[in-house]
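The values are calculated or read from the model by the stated rules, or taken from the named source; none is laboratory data. The shown structure was predicted, so the numbers you read here are calculated from the model rather than taken from an experiment. Virtual Cβ from ideal backbone geometry, glycine too; neighbours counted across all protein chains shown. Areas reflect the complete protein model, heavy atoms only, side chains present, ligands, DNA and RNA absent. Shrake-Rupley method; radii C 1.70, N 1.55, O 1.52, S 1.80 Å.
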Amino acid sequence: MSENSRATVKDVAARAGVSPATVSRVLAGEYPVTAATRARVQRAVRELDYVANAQARALKGAGTRMVAFVMDDVTGPSFAYVAKGVEQQATAMGRLCLICATHGDPARELEVVEAMREQRADAVILVGGGFLDEEYRARMIHFAYALDKAGSRLVLCGRPALGDDVPTTVVEYDNEGGAYAMTSHLLSQGHRRIVYLGNVRLNHTTSRDRIAGYTRAHRAYGRPVDPALIVPGEYTEAAGYAGTRRLLADGVDCTAIFAATDMVAAGVLRALREAAIRVPEEMSVVGYDDIPMSIHLRPALTTVRVPTEELGRTAVRLALHQAEPQHVMLGTHIVVRDSVSPVVVREA
(Lines give C-alpha, C1' and ligand atoms only; values in the text may rest on other atoms or scores of the structure.)
Protein backbone atom coordinates (compact mmCIF):
# COMPACT_ATOMS: atom_id res chain seq x y z
CA MET A 1 0.00 0.00 0.00
CA SER A 2 1.48 3.34 -1.03
CA GLU A 3 1.90 6.13 1.50
CA ASN A 4 -0.80 8.31 -0.11
CA SER A 5 -3.41 5.61 -0.79
CA ARG A 6 -6.26 4.84 1.55
CA ALA A 7 -6.39 1.55 3.39
CA THR A 8 -9.02 -0.93 2.26
CA VAL A 9 -10.85 -3.76 3.99
CA LYS A 10 -8.38 -6.16 2.35
CA ASP A 11 -5.46 -4.21 3.83
CA VAL A 12 -7.01 -4.39 7.31
CA ALA A 13 -7.69 -8.10 6.87
CA ALA A 14 -4.09 -8.77 5.83
CA ARG A 15 -2.71 -6.80 8.78
CA ALA A 16 -5.02 -8.58 11.26
CA GLY A 17 -4.54 -12.04 9.70
CA VAL A 18 -8.27 -12.56 9.07
CA SER A 19 -10.60 -12.60 6.07
CA PRO A 20 -12.17 -9.41 4.64
CA ALA A 21 -15.57 -10.84 5.65
CA THR A 22 -14.42 -11.03 9.28
CA VAL A 23 -13.29 -7.39 9.14
CA SER A 24 -16.73 -6.42 7.84
CA ARG A 25 -18.41 -8.34 10.65
CA VAL A 26 -16.31 -6.60 13.30
CA LEU A 27 -17.02 -3.16 11.82
CA ALA A 28 -20.76 -3.88 11.58
CA GLY A 29 -20.91 -5.08 15.18
CA GLU A 30 -23.85 -7.35 14.42
CA TYR A 31 -22.18 -10.77 14.31
CA PRO A 32 -20.50 -12.91 17.00
CA VAL A 33 -16.70 -12.55 16.77
CA THR A 34 -14.19 -13.69 19.40
CA ALA A 35 -12.72 -10.98 21.61
CA ALA A 36 -9.18 -11.75 20.38
CA THR A 37 -10.20 -11.46 16.73
CA ARG A 38 -12.10 -8.25 17.37
CA ALA A 39 -9.06 -6.77 19.14
CA ARG A 40 -6.73 -7.67 16.22
CA VAL A 41 -9.07 -6.10 13.68
CA GLN A 42 -9.55 -2.94 15.74
CA ARG A 43 -5.77 -2.62 16.20
CA ALA A 44 -5.26 -2.97 12.44
CA VAL A 45 -7.92 -0.33 11.80
CA ARG A 46 -6.09 2.09 14.08
CA GLU A 47 -2.65 1.33 12.68
CA LEU A 48 -3.77 1.75 9.05
CA ASP A 49 -6.05 4.71 9.86
CA TYR A 50 -8.80 2.87 8.01
CA VAL A 51 -11.96 4.84 7.23
CA ALA A 52 -14.95 3.00 5.80
CA ASN A 53 -16.16 4.21 2.42
CA ALA A 54 -19.54 5.58 3.40
CA GLN A 55 -20.63 5.94 -0.24
CA ALA A 56 -19.88 2.31 -0.99
CA ARG A 57 -21.69 1.19 2.15
CA ALA A 58 -24.77 3.17 1.17
CA LEU A 59 -24.78 1.55 -2.28
CA LYS A 60 -24.73 -1.83 -0.56
CA GLY A 61 -27.77 -0.86 1.52
CA ALA A 62 -25.99 -0.20 4.80
CA GLY A 63 -27.67 3.20 5.13
CA THR A 64 -26.44 5.84 7.53
CA ARG A 65 -25.41 3.36 10.26
CA MET A 66 -26.57 5.61 13.04
CA VAL A 67 -28.94 5.71 15.96
CA ALA A 68 -30.87 8.82 16.93
CA PHE A 69 -31.26 9.76 20.60
CA VAL A 70 -34.27 12.03 21.12
CA MET A 71 -34.72 13.76 24.48
CA ASP A 72 -36.46 16.71 26.08
CA ASP A 73 -33.47 18.76 27.22
CA VAL A 74 -29.75 18.27 26.57
CA THR A 75 -28.95 20.03 29.87
CA GLY A 76 -30.91 17.59 32.04
CA PRO A 77 -28.40 15.53 34.09
CA SER A 78 -30.41 12.29 34.04
CA PHE A 79 -30.87 12.56 30.26
CA ALA A 80 -27.13 13.14 29.91
CA TYR A 81 -26.32 9.85 31.62
CA VAL A 82 -28.83 7.93 29.50
CA ALA A 83 -27.19 9.59 26.48
CA LYS A 84 -23.78 8.40 27.71
CA GLY A 85 -25.04 4.81 27.77
CA VAL A 86 -26.56 5.17 24.30
CA GLU A 87 -23.38 6.65 22.83
CA GLN A 88 -21.11 4.03 24.38
CA GLN A 89 -23.23 1.12 23.14
CA ALA A 90 -23.77 2.69 19.72
CA THR A 91 -20.02 3.16 19.30
CA ALA A 92 -19.34 -0.41 20.40
CA MET A 93 -21.80 -1.60 17.75
CA GLY A 94 -20.35 0.53 14.96
CA ARG A 95 -22.99 3.27 14.85
CA LEU A 96 -22.85 7.01 15.02
CA CYS A 97 -25.06 8.63 17.64
CA LEU A 98 -27.14 11.69 16.73
CA ILE A 99 -28.66 13.64 19.63
CA CYS A 100 -31.87 15.66 19.14
CA ALA A 101 -33.71 17.85 21.67
CA THR A 102 -37.47 18.48 21.65
CA HIS A 103 -37.79 20.97 24.56
CA GLY A 104 -40.86 19.13 25.82
CA ASP A 105 -42.87 19.81 22.65
CA PRO A 106 -44.73 16.66 21.48
CA ALA A 107 -45.15 18.11 17.97
CA ARG A 108 -41.41 18.64 17.74
CA GLU A 109 -40.80 15.08 18.91
CA LEU A 110 -43.00 13.73 16.12
CA GLU A 111 -41.16 15.90 13.58
CA VAL A 112 -37.81 14.54 14.73
CA VAL A 113 -39.01 10.92 14.50
CA GLU A 114 -40.21 11.56 10.93
CA ALA A 115 -36.88 13.17 10.01
CA MET A 116 -34.92 10.23 11.40
CA ARG A 117 -37.11 7.80 9.45
CA GLU A 118 -36.23 9.70 6.28
CA GLN A 119 -32.54 9.52 7.25
CA ARG A 120 -32.87 5.74 7.63
CA ALA A 121 -31.50 5.67 11.17
CA ASP A 122 -31.07 2.11 12.46
CA ALA A 123 -32.96 3.06 15.63
CA VAL A 124 -34.82 6.10 16.94
CA ILE A 125 -34.60 6.16 20.74
CA LEU A 126 -37.13 8.32 22.58
CA VAL A 127 -35.98 9.03 26.14
CA GLY A 128 -38.13 10.21 29.03
CA GLY A 129 -41.85 10.29 29.62
CA GLY A 130 -44.36 10.13 26.80
CA PHE A 131 -47.62 12.00 26.33
CA LEU A 132 -51.01 10.32 26.82
CA ASP A 133 -52.86 12.33 24.19
CA GLU A 134 -54.68 9.94 21.81
CA GLU A 135 -53.72 11.82 18.65
CA TYR A 136 -50.06 11.81 19.71
CA ARG A 137 -50.25 8.09 20.51
CA ALA A 138 -51.87 7.29 17.16
CA ARG A 139 -49.16 9.14 15.23
CA MET A 140 -46.40 7.48 17.25
CA ILE A 141 -47.90 4.06 16.48
CA HIS A 142 -47.92 5.04 12.80
CA PHE A 143 -44.23 5.93 12.98
CA ALA A 144 -43.43 2.66 14.78
CA TYR A 145 -44.86 0.69 11.85
CA ALA A 146 -43.24 2.99 9.28
CA LEU A 147 -39.81 2.61 10.92
CA ASP A 148 -40.25 -1.15 11.13
CA LYS A 149 -41.15 -1.33 7.43
CA ALA A 150 -38.00 0.68 6.62
CA GLY A 151 -35.83 -1.74 8.59
CA SER A 152 -35.44 0.64 11.53
CA ARG A 153 -36.74 0.49 15.09
CA LEU A 154 -38.63 2.85 17.39
CA VAL A 155 -37.26 2.52 20.94
CA LEU A 156 -39.19 3.76 23.98
CA CYS A 157 -36.67 4.34 26.76
CA GLY A 158 -38.11 5.21 30.15
CA ARG A 159 -41.70 5.19 28.94
CA PRO A 160 -44.39 2.49 28.59
CA ALA A 161 -45.27 0.49 25.48
CA LEU A 162 -47.71 1.72 22.84
CA GLY A 163 -49.42 -1.67 22.69
CA ASP A 164 -48.56 -5.37 22.66
CA ASP A 165 -48.57 -5.70 18.87
CA VAL A 166 -46.82 -2.42 18.02
CA PRO A 167 -43.27 -3.07 16.66
CA THR A 168 -41.19 -1.22 19.24
CA THR A 169 -38.36 -1.88 21.67
CA VAL A 170 -39.36 -0.85 25.21
CA VAL A 171 -36.86 -0.32 28.02
CA GLU A 172 -38.63 0.92 31.14
CA TYR A 173 -37.61 1.43 34.73
CA ASP A 174 -39.91 0.98 37.73
CA ASN A 175 -40.89 4.63 37.98
CA GLU A 176 -44.04 4.17 40.06
CA GLY A 177 -42.32 1.60 42.26
CA GLY A 178 -39.52 4.02 43.03
CA ALA A 179 -41.95 6.74 44.11
CA TYR A 180 -43.92 4.20 46.15
CA ALA A 181 -40.76 3.00 47.93
CA MET A 182 -39.58 6.52 48.71
CA THR A 183 -42.95 7.70 50.01
CA SER A 184 -43.22 4.52 52.09
CA HIS A 185 -39.77 5.25 53.52
CA LEU A 186 -40.92 8.69 54.67
CA LEU A 187 -44.16 7.31 56.09
CA SER A 188 -42.22 4.61 57.96
CA GLN A 189 -40.16 7.39 59.56
CA GLY A 190 -43.32 8.92 60.99
CA HIS A 191 -43.94 11.64 58.38
CA ARG A 192 -47.63 12.24 57.73
CA ARG A 193 -47.61 15.59 55.91
CA ILE A 194 -45.43 14.93 52.87
CA VAL A 195 -45.29 17.46 50.04
CA TYR A 196 -44.80 16.17 46.50
CA LEU A 197 -43.10 18.94 44.52
CA GLY A 198 -42.63 18.63 40.78
CA ASN A 199 -44.35 18.20 37.45
CA VAL A 200 -47.95 17.11 38.08
CA ARG A 201 -49.15 16.75 34.47
CA LEU A 202 -51.15 13.53 34.46
CA ASN A 203 -50.98 13.41 30.63
CA HIS A 204 -47.24 12.76 30.93
CA THR A 205 -46.17 9.24 31.88
CA THR A 206 -43.25 10.16 34.17
CA SER A 207 -45.34 12.59 36.22
CA ARG A 208 -48.36 10.27 36.29
CA ASP A 209 -46.35 7.30 37.56
CA ARG A 210 -44.48 9.21 40.28
CA ILE A 211 -47.69 10.70 41.63
CA ALA A 212 -49.31 7.26 41.41
CA GLY A 213 -46.51 5.78 43.56
CA TYR A 214 -46.81 8.64 46.05
CA THR A 215 -50.59 8.10 46.26
CA ARG A 216 -50.38 4.30 46.49
CA ALA A 217 -47.97 4.47 49.43
CA HIS A 218 -50.34 6.73 51.36
CA ARG A 219 -53.16 4.31 50.66
CA ALA A 220 -51.05 1.37 51.85
CA TYR A 221 -50.43 3.20 55.13
CA GLY A 222 -54.10 4.10 55.48
CA ARG A 223 -53.36 7.80 55.06
CA PRO A 224 -55.42 10.21 52.93
CA VAL A 225 -53.62 12.32 50.31
CA ASP A 226 -54.14 16.04 50.84
CA PRO A 227 -54.33 17.62 47.34
CA ALA A 228 -52.85 20.81 48.81
CA LEU A 229 -49.59 18.90 49.35
CA ILE A 230 -49.16 18.10 45.63
CA VAL A 231 -47.37 21.21 44.40
CA PRO A 232 -46.78 21.81 40.66
CA GLY A 233 -43.42 22.79 39.24
CA GLU A 234 -41.04 21.87 36.43
CA TYR A 235 -38.18 19.40 36.85
CA THR A 236 -35.62 22.14 37.55
CA GLU A 237 -33.67 23.57 40.46
CA ALA A 238 -35.36 26.95 39.94
CA ALA A 239 -38.79 25.32 40.24
CA GLY A 240 -37.78 23.54 43.45
CA TYR A 241 -36.53 26.80 44.92
CA ALA A 242 -39.62 28.79 43.90
CA GLY A 243 -42.03 26.06 45.02
CA THR A 244 -40.43 25.81 48.44
CA ARG A 245 -40.50 29.59 48.86
CA ARG A 246 -44.25 29.47 48.16
CA LEU A 247 -44.77 26.64 50.65
CA LEU A 248 -42.99 28.61 53.36
CA ALA A 249 -44.80 31.86 52.55
CA ASP A 250 -48.16 30.09 52.66
CA GLY A 251 -47.32 28.37 55.93
CA VAL A 252 -48.07 24.88 54.58
CA ASP A 253 -47.98 22.29 57.37
CA CYS A 254 -45.50 19.56 56.37
CA THR A 255 -42.50 17.69 57.77
CA ALA A 256 -41.06 16.31 54.52
CA ILE A 257 -40.71 17.32 50.87
CA PHE A 258 -40.50 14.69 48.14
CA ALA A 259 -38.84 16.48 45.22
CA ALA A 260 -39.73 14.87 41.89
CA THR A 261 -36.09 14.99 40.74
CA ASP A 262 -32.72 15.58 42.35
CA MET A 263 -32.47 18.93 40.53
CA VAL A 264 -35.76 19.98 42.14
CA ALA A 265 -34.37 18.80 45.50
CA ALA A 266 -31.30 21.03 45.03
CA GLY A 267 -33.63 24.03 44.76
CA VAL A 268 -35.62 22.88 47.79
CA LEU A 269 -32.47 22.64 49.90
CA ARG A 270 -31.33 26.10 48.82
CA ALA A 271 -34.66 27.67 49.77
CA LEU A 272 -34.70 25.91 53.16
CA ARG A 273 -31.12 26.97 53.85
CA GLU A 274 -31.96 30.61 53.12
CA ALA A 275 -34.95 30.33 55.47
CA ALA A 276 -32.69 28.89 58.22
CA ILE A 277 -34.71 25.65 58.30
CA ARG A 278 -32.44 22.76 59.21
CA VAL A 279 -32.45 19.57 57.12
CA PRO A 280 -33.23 16.95 58.27
CA GLU A 281 -33.85 18.13 61.85
CA GLU A 282 -36.76 20.42 60.94
CA MET A 283 -37.60 19.25 57.41
CA SER A 284 -36.75 16.04 55.60
CA VAL A 285 -36.05 16.21 51.86
CA VAL A 286 -35.77 13.42 49.28
CA GLY A 287 -35.25 13.34 45.53
CA TYR A 288 -35.45 11.05 42.51
CA ASP A 289 -32.81 9.91 39.92
CA ASP A 290 -29.59 9.71 42.02
CA ILE A 291 -27.58 11.89 39.68
CA PRO A 292 -23.92 12.28 40.78
CA MET A 293 -24.46 15.71 42.35
CA SER A 294 -26.96 14.26 44.86
CA ILE A 295 -24.21 12.89 47.09
CA HIS A 296 -22.49 16.30 47.14
CA LEU A 297 -25.55 18.27 48.28
CA ARG A 298 -25.66 19.33 51.91
CA PRO A 299 -26.92 17.24 53.47
CA ALA A 300 -26.26 14.35 51.08
CA LEU A 301 -29.58 13.53 49.46
CA THR A 302 -31.69 10.44 50.06
CA THR A 303 -33.04 9.62 46.61
CA VAL A 304 -34.31 6.97 44.19
CA ARG A 305 -31.65 5.33 42.06
CA VAL A 306 -32.52 5.12 38.34
CA PRO A 307 -30.14 2.98 36.21
CA THR A 308 -29.66 5.72 33.61
CA GLU A 309 -26.58 4.46 31.74
CA GLU A 310 -27.95 0.92 31.73
CA LEU A 311 -31.18 2.24 30.19
CA GLY A 312 -29.20 3.75 27.31
CA ARG A 313 -26.99 0.73 26.71
CA THR A 314 -29.92 -1.69 26.84
CA ALA A 315 -31.98 0.44 24.46
CA VAL A 316 -29.32 0.30 21.74
CA ARG A 317 -28.43 -3.35 22.27
CA LEU A 318 -32.01 -4.62 22.08
CA ALA A 319 -32.92 -2.41 19.12
CA LEU A 320 -30.02 -3.80 17.09
CA HIS A 321 -30.39 -7.39 18.35
CA GLN A 322 -34.09 -8.03 17.97
CA ALA A 323 -33.75 -11.73 18.67
CA GLU A 324 -33.57 -10.72 22.36
CA PRO A 325 -36.69 -9.82 24.40
CA GLN A 326 -37.96 -6.43 23.23
CA HIS A 327 -39.65 -5.27 26.44
CA VAL A 328 -37.67 -5.09 29.68
CA MET A 329 -38.25 -3.40 33.02
CA LEU A 330 -35.20 -2.28 34.99
CA GLY A 331 -35.40 -1.88 38.75
CA THR A 332 -35.11 1.20 40.96
CA HIS A 333 -34.16 1.40 44.63
CA ILE A 334 -33.75 3.90 47.43
CA VAL A 335 -30.32 5.27 48.27
CA VAL A 336 -30.45 6.34 51.93
CA ARG A 337 -28.17 9.22 52.87
CA ASP A 338 -28.48 12.11 55.33
CA SER A 339 -31.53 14.18 54.38
CA VAL A 340 -34.25 12.28 56.29
CA SER A 341 -34.84 11.94 60.01
CA PRO A 342 -37.75 10.34 61.87
CA VAL A 343 -40.51 12.29 63.52
CA VAL A 344 -42.62 11.54 66.55
CA VAL A 345 -46.16 10.75 65.42
CA ARG A 346 -48.94 11.99 67.67
CA GLU A 347 -52.16 10.48 66.38
CA ALA A 348 -55.34 12.42 67.02
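Applying the criterion of being closer than 30 Å to E324 by Cβ and among the aliphatic types (A, V, I, L, M) to the residues of the stretch 300-314, the residue that is surrounded by the most Cβ atoms within 10 Å (Cβ to Cβ) is V304.
Mind listing whichever residues of the stretch 240-267 are touching a residue at least 24 places away in the same chain (Cβ under 8 Å) and outside any helix (DSSP H, G or I)? Please lay out each step first, then the result.
In the first step, residues of the stretch 240-267 are kept if they are touching a residue at least 24 places away in the same chain (Cβ under 8 Å); the result is 240-245, 247-248, 252-267.
Scanning the stretch 240-267 gives V252, D253, C254, T255, A256, I257, F258, A259, A260, T261.
Would you pick out the residues in the stretch 268-299 that are touching a helix residue (DSSP H, G or I) at 6+ places or on another chain (Cβ under 6 Å), in a helix (DSSP H, G or I) and surrounded by 24 or more Cβ atoms within 10 Å (Cβ to Cβ)? Answer for the stretch 268-299, where residues must be touching a helix residue (DSSP H, G or I) at 6+ places or on another chain (Cβ under 6 Å), in a helix (DSSP H, G or I) and surrounded by 24 or more Cβ atoms within 10 Å (Cβ to Cβ): V268, S294.
Applying the condition of being more than 20 Å from M93 (Cα to Cα) and at pLDDT 85 or above to the stretch 1-16 and asking which residue is least open to solvent (accessible area, probe 1.4 Å) yields D11.
Filter the stretch 328-348 for residues that are at pLDDT 95 or above and open to solvent by 40 Å² or more (accessible area, probe 1.4 Å); which is nearest to P167 (Cα to Cα)?
Quick first cut of the stretch 328-348, residues at pLDDT 95 or above only: 328-342.
Now restrict to residues that are open to solvent by 40 Å² or more (accessible area, probe 1.4 Å): 329, 331, 333-334, 336-338, 342.
Working: M329: 17, G331: 23, H333: 30, I334: 33, V336: 39, R337: 41, D338: 44, P342: 47 Å.
Here the residue is M329.
Determine which member of the set G178, G198, G163 is at pLDDT below 95 and surrounded by 20 or more Cβ atoms within 10 Å (Cβ to Cβ). If you could, list the steps in order and put the result at the bottom.
Numbers: G178 fails: at pLDDT below 95; G163 fails: surrounded by 20 or more Cβ atoms within 10 Å (Cβ to Cβ).
Step by step, each of G178, G198, G163 is checked, and only G198 is at pLDDT below 95 and surrounded by 20 or more Cβ atoms within 10 Å (Cβ to Cβ).
Among the helices (runs of 4 or more DSSP H) confined to the stretch 17-75, the ones with at least 3 residues that are modelled with pLDDT under 75 and either touching a His at 6+ places or on another chain (Cβ under 7 Å) or farther than 18 Å from V124 by Cα (or both) are located at 54-59. Selection of the stretch 138-160 for residues being within 14 Å of the chain's Cα centre (by Cα) and open to solvent by 30 Å² or more (accessible area, probe 1.4 Å) yields only P160.
On the stretch given as the stretch 69-127, residues that are open to solvent by 70 Å² or more (accessible area, probe 1.4 Å) and within 11 Å of the chain's Cα centre (by Cα) total 2. Within the stretch 203-239, the set of residues being touching a residue at least 40 places away in the same chain (Cβ under 8 Å) and open to solvent by 70 Å² or more (accessible area, probe 1.4 Å) comprises N203, R208, R216.
Please verify whether P325 is without any contact (Cβ under 8 Å) to a residue 60 or more places away in the chain, out of contact with any Phe, Trp or Tyr (no Cβ under 6 Å at 6 or more places or on another chain) and within 30 Å of D122 (Cβ to Cβ), treating the condition exactly as stated. Even if it seems obvious, please write down each step before you answer.
Working: without any contact (Cβ under 8 Å) to a residue 60 or more places away in the chain: yes; out of contact with any Phe, Trp or Tyr (no Cβ under 6 Å at 6 or more places or on another chain): yes; within 30 Å of D122 (Cβ to Cβ): yes.
Yes, satisfied.
Taken over the stretch 271-319, the criterion of being among the β-branched types (V, I, T) and touching a Ser or Thr at 6+ places or on another chain (Cβ under 7 Å) is satisfied by V279, V285, V286, I291, T302, T303, V304, V306, T308.
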